[in-house]
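Read the structure below first, then the notes.
The values are calculated or read from the model by the stated rules, or taken from the named source; none is laboratory data. The model shown is predicted, which means the values in this text are computed figures rather than measured ones. Every residue, glycine as well, gets a Cβ built from its backbone with ideal geometry; the counts of neighbours run over all protein chains shown. For the accessible areas, the whole protein counts, side chains as well, though only heavy atoms, and no ligand, DNA or RNA atoms are used. Shrake-Rupley method; radii C 1.70, N 1.55, O 1.52, S 1.80 Å.
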Amino acid sequence: MAAAKRTTTIIDREYRVGEVDPRIYGSFLEHLGRAVYGGIYEPGHPTADDEGFRRDTTELVRELGVPFIRYPGGNFVSGYNWEDGVGPADRRPRRLDLAWRTVEPNWVGVNEFARWAKRAGAEVNMSVNLGTRGPEEARNLVEYCNHPAGSAWSDLRIAHGQREPHRIRTWCLGNEMDGPWQISHKTAEEYGRVATEAAKVMKWVDPTIELVACGSSNSHMATFPDWEAVVLDHVYEHVEYLSLHSYYGNTDNDTGNFLAKSLDMDAFIRTVIATCDFLRAKKRSKKTLYLSFDEWNVWFHSHDADRRIEPWSVAPPLLEDVYTLEDALLVGCLLITLLRHADRVKIACIAQLVNVIAPIMTENGGPAWKQTIFYPFMHASAFGRGVVLDPVVRSPKYDSKEFTDVPFVEAVAVHDEKARTLSLFAVNRDPEAGMELDCDLRGFERVRILEHIVLDHADPKASNTKSAQNVKPRSAGGGKADGGRVTVTLPRLSWNVIRLEAV
Ligand code: AHR
């Protein structure tokens, strides 16, 4: 085994980036593949609850620590009639979903989903269809979900057995409207106009809601970042957030380059912040726009299998990526990147939640289990609450095919002032050797290591199955705390959570 290299870091309690918004630990569930049907909902399953939702999946969602779930799409939403999913189940239509070439039976709609989300401990982030539909259907949905009573749509909700309004706070104005693959794709001008008009009427129905406008589908779109600038020129004063999406793959099996892809996310976030601030200046506005990174993850394993799926069936196994340790490490780097922008990134949704490019997998009629990527997400959500401190990291670096000066160690710290704890999240990208991490914790008088959790495996391609949790966290020993200094070793290719009592 090669000798450990060394990284130093300074963590000062005054280097505050911002407070973590818990919605940064959001996720996403689309009517796609087995995400809803077979994933969270399966009335015949041995664990099904009184509404047909799988209790085993709900339990794992709670354990994952997801406080916020975007629904019902995704590409699906751009052809969705939300009215199809409410009212008596036996009268709901079966529709062709053109986004994924499947049949949507509408067994689950907004009421069932909102009730399930409550059981899973999450608030709903609802998307409206700005593809085939527009402001009228969007405002009706706000009225149906949020208006207490005494109007046509709210009374219809009550007639459907849902007396209490769902009080959905955060709404997405469409999905990836810059993408030519989107049902009823739009130019930035067209989208900017329709998003503005939808925003106005949705907020007139419920002035307490917050809105997310569509940014680019990824930073490699030819229209990025003009799309953002044009859209915001229309909608700036009507929305609170702008969305970003990004998926990363390792199709050429180049681990060093793959693990560096969080640098792409970082650059994307910085450019979107700059574009938002340009528009603020242009509009002489006092309002700061925040970012909603509402689709992010690793996605590439299932591409070939998806091409072989026959069209027009209900809930086929689409986008069922089986994740490796390597993927979990990139997910860790992406989480660290999001946290380092906690001052502007207030919402982020790992895409998706169950079966479809997801931390949780299920078998129809069988068990539910944790994929490798479950763990870094669960750790960040459980221990990453409080104020993000920006560590000054001096790490050895490497160059890869697409990136230069990639630090071997990616790290961020979150300080929970009330609990007097500090969580340091760190990934060692080095495939060869462990890394000694020497932390100078300035401003803290006393620190004590509570726990050092490690996720690693001898085989970077190891994954979990329904019967074997091959990749799971372990507790590491050997760290030292001395006054305001802490030294730990980050094993080669590892995700680490160093939990400290910090006074
Ligand atoms: O998450 C899968 C798909 O990826 C979503 O439907 C779409 O928004 C994105 O392109």
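Brief remarks on what is shown
- Scope the range 189-223; condition among the hydrophobic types (A, V, I, L, M, F, W, C) and part of a helix (DSSP H, G or I); matching residues: 194, 195, 198, 199, 201, 202, 204, 205
- Subset of the range 91-122 [in contact (Cβ under 8 Å) with a residue 60 or more places away in the chain and in a strand (DSSP E or B)]: 96, 97, 102, 103, 104
Results for (1) surrounded by 19 or more Cβ atoms within 10 Å (Cβ to Cβ); (2) touching a Leu at 6+ places or on another chain (Cβ under 6 Å), shown as yes or no for each residue.
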| site | (1), (2) |
| --- | --- |
| 235 | yes, no |
| 256 | no, no |
| 263 | yes, no |
| 270 | no, no |
| 280 | no, no |
| 292 | yes, no |
| 302 | no, yes |
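- Leading residue by the ranking (nearest to the ligand (Cβ to nearest atom)) among those in the range 355-378 that are within 15 Å of residue 26 (Cα to Cα) and open to solvent by less than 10 Å² (accessible area, probe 1.4 Å): 357
- Identification of strands (runs of 3 or more DSSP E) wholly contained in the range 425-503 with 2 or more residues that are touching a residue at least 24 places away in the same chain (Cβ under 8 Å) and either in contact with a Pro (Cβ under 9 Å, 6 or more places away or on another chain) or within 26 Å of residue 338 (Cα to Cα) (or both) yields 433-440, 447-455, 485-490, 494-502.
- Checked across the range 49-59, the condition of being touching a Pro at 6+ places or on another chain (Cβ under 6 Å), away from the ligand (no atom under 16 Å from the Cβ) and of a type in the set (Gly, Ala, Ser) holds for at least one residue.
- Single residue of the range 213-224 satisfying the filter (of a type outside the set (Gly, Ala, Ser) and buried (at least 18 other Cβ atoms within 10 Å of the Cβ)) that is nearest to residue 274 (Cα to Cα): 224
- Residue that is nearest to the ligand (Cβ to nearest atom), among those in the range 114-126 that are within 19 Å of the chain's Cα centre (by Cα) and open to solvent by 30 Å² or more (accessible area, probe 1.4 Å): 123
- Taken residue by residue, the range 275-288 has no member that is within 16 Å of the ligand (Cβ to nearest atom) and either touching a Pro at 6+ places or on another chain (Cβ under 6 Å) or not assigned by TED's automatic domain parsing to the domain that holds residue 460 (or both).
- From the list 140, 129, 111, 146, the one residue that fits, being more than 16 Å from the ligand (Cβ to nearest atom), out of contact with any strand residue (DSSP E or B) (no Cβ under 7 Å at 6 or more places or on another chain) and under 24 Å from residue 351 (Cα atoms), is 111.
- So residue 198, is it more than 16 Å from the ligand (Cβ to nearest atom) and buried (at least 22 other Cβ atoms within 10 Å of the Cβ): yes
- Across the range 327-345, the number of residues qualifying as surrounded by fewer than 24 Cβ atoms within 10 Å (Cβ to Cβ) and either of a type in the set (Lys, Arg) or within 16 Å of the ligand (Cβ to nearest atom) (or both) comes to 2.
- Residue satisfying condition, being among the aliphatic types (A, V, I, L, M) and within 21 Å of residue 84 (Cα to Cα), within set 36, 17: 36
Residue by residue, here is whether (1) within 21 Å of residue 341 (Cβ to Cβ); (2) of a type in the set (Asp, Glu); (3) touching a residue at least 12 places away in the same chain (Cβ under 8 Å); (4) not in a loop (DSSP other than H, G, I, E, B) holds:
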site	(1), (2), (3), (4)
372	no, no, yes, no
375	no, no, yes, yes
382	yes, no, yes, yes
388	yes, no, yes, yes
393	yes, no, yes, yes
400	no, no, yes, no
415	yes, no, yes, yes
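- Of everything in the range 294-314 that is in a loop (DSSP other than H, G, I, E, B) and within 15 Å of the ligand (Cβ to nearest atom), the residue that is nearest to residue 262 (Cα to Cα) is 299.
- Residue count for the range 10-53, restricted to those that are part of a loop (DSSP other than H, G, I, E, B) and farther than 26 Å from residue 426 by Cβ: 21.
- Condition check for residue 154: over 20 Å from residue 38 (Cα atoms), within 16 Å of the ligand (Cβ to nearest atom) and not in a loop (DSSP other than H, G, I, E, B): no
- Test: residue 56 is free of Cβ contacts under 8 Å to residues at least 60 places away in the same chain, assigned to a helix (DSSP H, G or I), open to solvent by less than 50 Å² (accessible area, probe 1.4 Å) and acidic (Asp, Glu): no
- Checking each residue in the range 289-312 for being closer than 30 Å to residue 235 by Cα and either among the hydrophobic types (A, V, I, L, M, F, W, C) or without any contact (Cβ under 8 Å) to a residue 40 or more places away in the chain (or both) picks out 289, 291, 293, 296.
- Residue in the range 172-194 that is surrounded by the fewest Cβ atoms within 10 Å (Cβ to Cβ), counting only those that are of a type outside the set (Val, Ile, Thr) and more than 16 Å from the ligand (Cβ to nearest atom): 189
- Options 263, 232, 291, 244: the member that is within 24 Å of the chain's Cα centre (by Cα), more than 16 Å from the ligand (Cβ to nearest atom) and in a strand (DSSP E or B): 291
- Members of the range 74-100 that are on the phi < 0 side of the Ramachandran plot and within 16 Å of the ligand (Cβ to nearest atom): 75, 76, 77, 78, 79, 80, 97, 98, 99, 100
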